[in-house]
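Report on the structure given below.
The values are calculated or read from the model by the stated rules, or taken from the named source; none is laboratory data. Treat the numbers as computed from the prediction; the structure is a model and nothing was measured. Heads up, the Cβs are rebuilt from the backbone with ideal geometry, glycines too, and the neighbour counts pull from every protein chain shown.
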Amino acid sequence: MESIVGTAFSEVAVLLVLASLIGFAGMLLRQPLIVSFIAVGLLAGPSALDLVQSQDEIHLLAELGIVVLLFLVGIKLDIKLVRSLGAVSLVTGLGQVAFTAGVGYLIGLALGLDSITSLYVAIALTFSSTIIIVKLLSDKREIDSLHGQIALGFLIVQDLVVVLAMIVLSAIGIGGASGSDAGLGIAGVLIAGLALVAVAIVFVRVIANPLTERLARAPELLVIFAISLAAIFAALADVIGLGKELGGLLAGVSLASTPYRESIAARLGPLRDFLLLFFFISLGATLDLSLLGESIGAAAVLSAFVLIGNPLIVLIIMGGMGYRRRTGFLAGLTVAQISEFSLIFMAMGVSLGHVTQASLGLVTLVGLVTIAASTYIITYSHRLFDLMEPFLGIFERTATPREPSGDALEGHQRYQVVLIGLGRFGIAIGVRLQRIGLRVLGIDFNPASVRHARALGLAAEYGDATDAEFLQGLPLANADWVVSTVPLHHTGLSHEDSRHTLIQLLQHAGLRGRVAVAAHNAQDRDALMATDADLVIDPFQDAADRAVELLVGDARNHRSDAVLAMRGERGDAD
């Protein structure tokens, strides 16, 4: 269909300009980009400018963005961690779905909805948006944290429940087929899904490493191959009924064991961000604001239930399983919204004649409220935890056996250096300090980084350095230095640098030694110079200074050797 602005190309161009303008305005107002992009969709949708006419093209770009996003999540998945978190992901995912569906159904009845509509609405409320959550956690660099990995695990469980719910509700009396046909449909999906997993396992064991090694000789071809692998897995998963998201995730896992995964991830990052813009535009453009007028009261009740009830049940379950309240709280906040699939699910009910357009409008309004609200909730999750922590003690057991152990912290051993951030730069510092005889304790909130540091002989523990309670338990009293190599990350509405917050927390935790922080550009360095940090490390500038010293020193040595040789030759001649 031709767009009102001309061609589909012109329409995309106008949408990109609109997204740039609104995104820039949102940045000036210090608003999350996701909210700005959803606003672009609302403006471009049928309730405002009605620019989105090339829906098939926009939808295709949106789907590609989703596939690439989940592919990049999969390519960084730690398989050992996935295995260890399988139980909590399954229990939490199913527990949250059962709680939300059951209580949501009762709330629907209490709001005066009939039983079928209440059932549809209750099921729609159980789905959380994997795409939005993964995007937000990735932006905050928390997708590799313990609570990020747990959240990803129960979101995958939710996605599987979405698939099963759509099969069942479209196959039995709500769709016209018999119960036996529904059972056969579910069994077929499960068998096909296991077959796809088997293909992925064979690919990982036999093909992945030698193939990527050859393709890596032409980096552009390697990127094209990665995108094609993500697309074909997503297409196959979609055909068998599992959904493109799980297919893209599985494709990423298939390349996660190759030595080129970091290179692939780095090259696909900008493409992911560009394509996801169309996902948010597509989402906003589907929200018909004309349907919302009569549903404000009911939507407020249901939105409050999703924003409070969903995180609460996750917090309760994870606390009962032995996780700390901080981990449970941060993981629980990720389910404080409904999904784009909720709207699709309700639209299916409208097409089948079992629910009305008004109920679709109700869920649409709940989606708009919860997606916007949860964006802020997840963005400022650490601030919220600090505010709520005094009231969360009842959700934590006396012992927390599910959290990574703190063996290195027992006995209050003396560490001369506490190193926060175990990326490549941090581990390089720790190893070199240990070589010269200093005792070093490394801290990171990525369990995989902790394991890697331990494998290199460093004492390392899992923990979040922005957690005041965790810092209180560190052996800081006798530490000469605390070194933070973590990059800049804004922690709240004021865009306060997390490293500024860390310095303040360290002082309150009893640190008597000095603090060193890493800067990553000139503006960053200047800002840190104005803090209470005793030393600002600039990895790039410091490395350049050291390289010049080596080069100049080597050149001088060569000249000295040459002069001595010439003098020797003259002496021999004399």
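Quick look at the values:
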item: Residues that are in a loop (DSSP other than H, G, I, E, B) and either within 28 Å of the chain's Cα centre (by Cα) or modelled with pLDDT of 70 or more (or both), drawn from the range 511-530; result: Leu511, Arg512, Gly513, Ala519, His520, Asn521
item: The one condition in (1) assigned to a loop (DSSP other than H, G, I, E, B); (2) within 21 Å of the chain's Cα centre (by Cα); (3) modelled with pLDDT of 85 or more that Gly457 fails to fulfil; result: (2)
item: Ser36 vs. criteria hydroxyl-bearing (Ser, Thr, Tyr), at pLDDT 75 or above and in contact with a helix residue (DSSP H, G or I) (Cβ under 9 Å, 6 or more places away or on another chain); result: yes
item: Output for the range 33-64, where each listed residue is crowded, with 20+ Cβ neighbours inside 10 Å and either of a type in the set (Phe, Trp, Tyr) or part of a loop (DSSP other than H, G, I, E, B) (or both); result: Phe37, Gly45, Leu51, Val52, Ser54
item: Qualifying residue in the range 439-454 (condition: more than 23 Å from Asp534 (Cβ to Cβ), in a strand (DSSP E or B) and modelled with pLDDT under 85); result: no
item: Matching residues, the range 234-266, being free of Cβ contacts under 8 Å to residues at least 60 places away in the same chain and in a helix (DSSP H, G or I); result: Ala235, Leu236, Ala237, Asp238, Val239, Ile240, Glu262, Ser263, Ala266
item: Qualifying residue in the range 484-491 (condition: at pLDDT 75 or above and closer than 19 Å to Arg439 by Cα); result: yes
item: Pairs with Cβ under 6 Å, 6+ apart, first in the range 21-32 and in the same structural domain as Thr375 (by TED's automatic domain parsing), second of a type in the set (Gly, Ala, Ser); result: Ile22/Ser36; Ile22/Ala39; Gly23/Ser36; Gly26/Ser36
item: Residues (assigned to a loop (DSSP other than H, G, I, E, B) and touching a helix residue (DSSP H, G or I) at 6+ places or on another chain (Cβ under 8 Å)) located in the range 203-231; result: Ala216
